[in-house]
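The values are calculated or read from the model by the stated rules, or taken from the named source; none is laboratory data. Everything numeric here is computed off the predicted structure, so don't read it as measured data. Cβ: placed from backbone, ideal geometry, glycine included. Neighbour counts: every protein chain shown.
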Amino acid sequence: MNAAGKVYLVGAGPGAPDLLTLRAADLLRRADIVFHDALVHPDTLALAVRAEKIAVGKRCGRHSTAQRFINKRLIDAAHRYAIVVRLKGGDPMLFGRAQEEIDALEQAGIAYAVVPGITAALAASAVLGISLTRRGMSRNVTFITPRTGKGEDAHDWARSALAADTCAIYMGVGEAAHIAATLIDRGASPELPVVVVENATLPDQRSVALRLADLGAVSTLGITGPAVILIGEVYDRLQPTIAAVPARRVDAVA
Ligand code: SAH
């Protein structure tokens with residue numbers, strides 16, 4: 001039997017509720033049920049006036065709902081409801097396990113659509129006022145995570161990071177010292193400029209600029225929100241711009 005419902009994988013953006021797309025807001029208003037990540041802003045969820053709201057988010061180191069169980073719930077919901085929203089932080093297609101959900105929906109013969117959102121690296125760049133691809137300095141950007149899921153092959157993320165002009169590392173703050181040591185060991189300059197941006201676009205956003213050799217020190221800064229590590233020469237030349245960021249600024253680590 002074909003399900004009547006359709007599942008929308010919707011990007012919630014980086015944090016600030018008004019960075020949602022109009023399409024996402026419209027779907028939330030019409031949704032019958034919303035399965036959302038743990039970090040989605042309450043004001044964003046509040047747009048889903050009619051919907052039952054179910055948290056299924058995964059936050060590293062905390063309780064998480066197994067992916068297969070989430071897939072099953074999406075499929076079950078599509079059999080019961082017309083508009084099912086799976087709301088994910090940032091953009092669903094970047095480090096969001098969207099493919100697992102899409103594959104499961106396709107296998108179950110359920111219609112789906114993806115609504116993009118603003119990903120963390122782009123939000124952080126906006127906060128800093130520093131282009132990821134500053135002309136004459138950076139011609140490419142690499143989105144990287146050093147984290148591998150259970151049963152996943154180890155990935156040579158460092159090779160991609162070393163090859164990139166600018167690199168945005170997601171889910172990396174917990175292993176910042178390891179990231180720095182690995183990159184330096186593999187030939188990166190210890191002086192390479194790095195910026196860590198936490199809670200980009202939210203009222204408590206903050207950033208810290210440092211050098212690659214000092215990256216491990218971020219573990220002493222009490223970063224508890226989601227944070228992205230940006231690495232590249234573009235963050236050196238634009239240092240004065242960083243100082244102008246309205247976010248609370250942590251002093252550079254010596
Ligand atoms: N799909 C999401 C990424 C999910 S992985 C996206 O496109 O943004 C979760 C990681 O995203 C976090 O560990 C952190 O590295 C980053 N992140 C998410 N929101 C962030 C924010 N507001 N500020 C800084 N980094 C953020």
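How many residues does segment 73-91 contain that are in a strand (DSSP E or B) and surrounded by fewer than 24 Cβ atoms within 10 Å (Cβ to Cβ)?
1
Which condition number does Arg147 fail, the rest of (1) over 15 Å from the mean Cα position of the chain (by Cα); (2) modelled with pLDDT under 95 being met?
Unmet for Arg147, out of (1) over 15 Å from the mean Cα position of the chain (by Cα); (2) modelled with pLDDT under 95: (1).
With in contact with a helix residue (DSSP H, G or I) (Cβ under 8 Å, 6 or more places away or on another chain), more than 24 Å from Thr133 (Cα to Cα) and in contact (Cβ under 8 Å) with a residue 40 or more places away in the chain as the only criterion, which of Ile179, Ile169, Ile223 stands out?
Unique residue meeting the criteria: Ile223.
Between residues in segment 39-54 that are farther than 12 Å from Leu202 by Cβ and residues that are among the aromatic types (Phe, Trp, Tyr) and assigned to a strand (DSSP E or B), which pairs lie under 8 Å by C-beta distance while being six or more apart or on different chains?
Here the result reads Ile54/Phe35, each pair linking segment 39-54 to a residue that is among the aromatic types (Phe, Trp, Tyr) and assigned to a strand (DSSP E or B).
Do we find a residue being farther than 17 Å from Ile102 by Cβ and modelled with pLDDT of 95 or more anywhere in segment 62-74?
For segment 62-74, residues farther than 17 Å from Ile102 by Cβ and modelled with pLDDT of 95 or more: absent.
Can you name the residue in segment 141-160 that is aliphatic (A, V, I, L, M) and more than 14 Å from the ligand (Cβ to nearest atom) and, of all such residues, is surrounded by the most Cβ atoms within 10 Å (Cβ to Cβ)?
Ala158
From the residues in segment 97-122 that are in contact (Cβ under 8 Å) with a residue 60 or more places away in the chain, under 27 Å from Ala16 (Cβ atoms) and in a loop (DSSP other than H, G, I, E, B), which one is farthest from the chain's Cα centre (by Cα)?
Ranking the candidates gives Pro116 first.
For Ser138, indicate whether it is small (Gly, Ala, Ser), farther than 24 Å from Ile70 by Cβ, modelled with pLDDT of 95 or more and more than 14 Å from the ligand (Cβ to nearest atom).
yes
Working only within segment 1-38, note down all residues that are touching a residue at least 40 places away in the same chain (Cβ under 8 Å), touching a Ser or Thr at 6+ places or on another chain (Cβ under 8 Å) and away from the ligand (no atom under 11 Å from the Cβ).
Correct list: Leu20, Leu28.
Looking at Asp18, is it at pLDDT 95 or above and of a type in the set (D, E, K, R)?
Details: at pLDDT 95 or above: yes; of a type in the set (D, E, K, R): yes.
Yes: the conditions hold for Asp18.
Select from segment 156-199 the residues that are among the hydroxyl-bearing types (Ser, Thr, Tyr) and within 17 Å of Val234 (Cα to Cα) and list them in ascending order.
Thr166, Ser189
Among the residues of segment 187-220, count how many are within 16 Å of the ligand (Cβ to nearest atom) and either assigned to a loop (DSSP other than H, G, I, E, B) or in contact (Cβ under 8 Å) with a residue 60 or more places away in the chain (or both).
Total meeting the criteria: 10.
Could you run through segment 229-254 and say how many residues are over 13 Å from Ile130 (Cβ atoms) and at pLDDT 50 or above?
Total meeting the criteria: 1.
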